[in-house]
Amino acid sequence: MTTDHPFPEFSVREINVPVHALSRFEPLIGEERYGELRRVAALTSHRLEGKTVWNLSSTAAGGGVAEMLQVLVGYIQDANIDIRWLVMAGDPEFFYITKRIHNRLHGAAGDAGELGPNEAAHYTDIMAANLVSVMSRVRPGDLVLLHDPQTVGMAAALAEAGARVIWRCHVGREGSNEWTDEAWWFLRPHLAHCEAYIFSLRQYVPSWMDESRVQVIPPSIDPFSPKNQEMFQGDVIRTLRRIGLLEGGGAGAPATFTRRDGTPGHIGRRASILPEGGPPLDPDAPLVIQVSRWDRLKDMTGVLQGFASSMVGRVDAHLALVGPSVADVTDDPEEAEVFAECVSALEALPADARRRVKLVTLPMEDIDENAAMVNALQRHATVIVQKSLVEGFGLTVAEGMWKAKAVVASSVGGITEQVAFGTGILLADPTDLPMFGDTLAELLTRPDQIAQLGARARQHVLETFVGDKHLLRYAQLIEWLVS
């Protein structure tokens, strides 16, 4: 393949994912559900004999797509299916453009920059620079799943080469506005070359799209991953001391966890915690956390301000806003800006409120270690918050519910699919900060309600959002494509 774009060839990276045994699920989901999983896995393997399933994404770490692929690829390999994962490359301008598309698919302006002919040309150039490396791997008849706006520009070339191309959209908004219309205008020429489309919610499918080519597949959690596996209370406390959040320091035996490949792991790195020099938290103090990327749509500053305005003087609780180290996220140029906004909001708080709030950025050098840190934080929390302004799905909600935690979350997007009646508290208006703060303060005075919500939440996730359901839906998609 020859190119005349101004960029050198980008060599895509193949991510090696350890095989995860499907048999793990049997004790958890029961014999009947496990039997169906094995039956469908065998049928799908037969259907795909001689073909490879490729996944293309824009990053190997730092977001929900990367976490989902770690699960999906690992378990599908155990079904005797050749499934691979490639990560593309791009320059800073490309990621500004795709972040703009991401925001507008959510109905928000983002940086209000252009999505015109110049941006379309730059996007196409980056696609061409990646395609040389991709096309050397993909064969006619292979299935290619392109994840989110960053990769869909490769659809035409892959389809022309004989691949079966599917676009997986992990974001969206119910209804349309000028911003969603602009994003779809940008993407639609590329989407025309896909055979099928996967959305997390039916409401996110644009009205012009052919419904017969659409599949709805909600994401799921892997209960055995470092982020969700059972964790002894001693390891929870040792982890939070090691990263610097709880008093007691990092002395003593290291906290342990099981890596995705089954080998033992240890927590060794520290988090970056603001305010600097502040005292670590008392392990017995109630703790509210929100874990997410530093994204304006997650409204970390709103969580901070709502907590500070309603909690001080009413409940002796603390707040930790937790996200990835901004230096380690390559596909989101706004992360550093949003984190800086959170720092400014923290510094503007009165002294008594400021001492109750921690901004925590977790190191990303070791993805499994990072996930174990999140696991410990969620297990130690009294209440888990996800106060997004809009949300594609927000699987951090199900992750918190899996740990039998009471969740307070916005009634937006995929969050409403996860929080059933009696399994958590939904905020009708996520922009109403006094209501958010009052709801949180009232809940923290009711330990019995917290325990009841948590117990119902875990059972709901087991029945609805554990990974075998996700795998079955992908098998149905493959069956539809190849039959």
Please list, ordered by first then second residue, the pairs with beta carbon atoms under 9 Å, 6 or more apart or interchain, first in segment 414-434 and in a loop (DSSP other than H, G, I, E, B), second of a type in the set (F, W, Y) and surrounded by fewer than 18 Cβ atoms within 10 Å (Cβ to Cβ). none
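Conditions tested, residue by residue: (1) outside any strand (DSSP E or B); (2) among the polar types (S, T, N, Q); (3) buried (at least 18 other Cβ atoms within 10 Å of the Cβ).
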{"site": "A404", "(1), (2), (3)": "yes, no, no"}
{"site": "A409", "(1), (2), (3)": "no, no, yes"}
{"site": "D448", "(1), (2), (3)": "yes, no, no"}
{"site": "D468", "(1), (2), (3)": "yes, no, yes"}
{"site": "Y474", "(1), (2), (3)": "yes, no, yes"}
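Find the strands (runs of 3 or more DSSP E) located wholly in segment 308-396 whose residues include 1 or more that are more than 20 Å from D432 (Cβ to Cβ) and either modelled with pLDDT of 95 or more or outside the structural domain of E93 (by TED's automatic domain parsing) (or both), and list them.
Counting at least 1 such residues, we get 318-324, 357-362.
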Which condition from (1) modelled with pLDDT of 95 or more; (2) over 22 Å from the mean Cα position of the chain (by Cα) is the one that G250 breaks? (1)
Under 27 Å from G116 (Cα atoms) and modelled with pLDDT under 95: does that describe Q233? no
Strands (runs of 3 or more DSSP E) wholly inside segment 177-291 that include at least 3 residues being in contact (Cβ under 8 Å) with a residue 40 or more places away in the chain: 272-274, 287-291
Given the options E178, E174, name the one that is surrounded by fewer than 17 Cβ atoms within 10 Å (Cβ to Cβ) and under 21 Å from the mean Cα position of the chain (by Cα). E174
With respect to I243, determine if the residue is buried (at least 19 other Cβ atoms within 10 Å of the Cβ) and more than 20 Å from the chain's Cα centre (by Cα). yes
Scanning segment 316-344 for residues that are out of contact with any strand residue (DSSP E or B) (no Cβ under 8 Å at 6 or more places or on another chain), buried (at least 20 other Cβ atoms within 10 Å of the Cβ) and of a type outside the set (D, E, K, R), the one nearest to L362 (Cα to Cα) turns out to be V329
Can you tell me how many residues in segment 451-478 are in contact (Cβ under 8 Å) with a residue 60 or more places away in the chain and out of contact with any Ser or Thr (no Cβ under 7 Å at 6 or more places or on another chain)? 9
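The values are calculated or read from the model by the stated rules, or taken from the named source; none is laboratory data. The structure presented is a predicted model; accordingly, all values stated were derived computationally and were not measured. Positions of Cβ are generated from backbone atoms using ideal geometry, with glycine treated the same way; all protein chains shown enter the neighbour counts.
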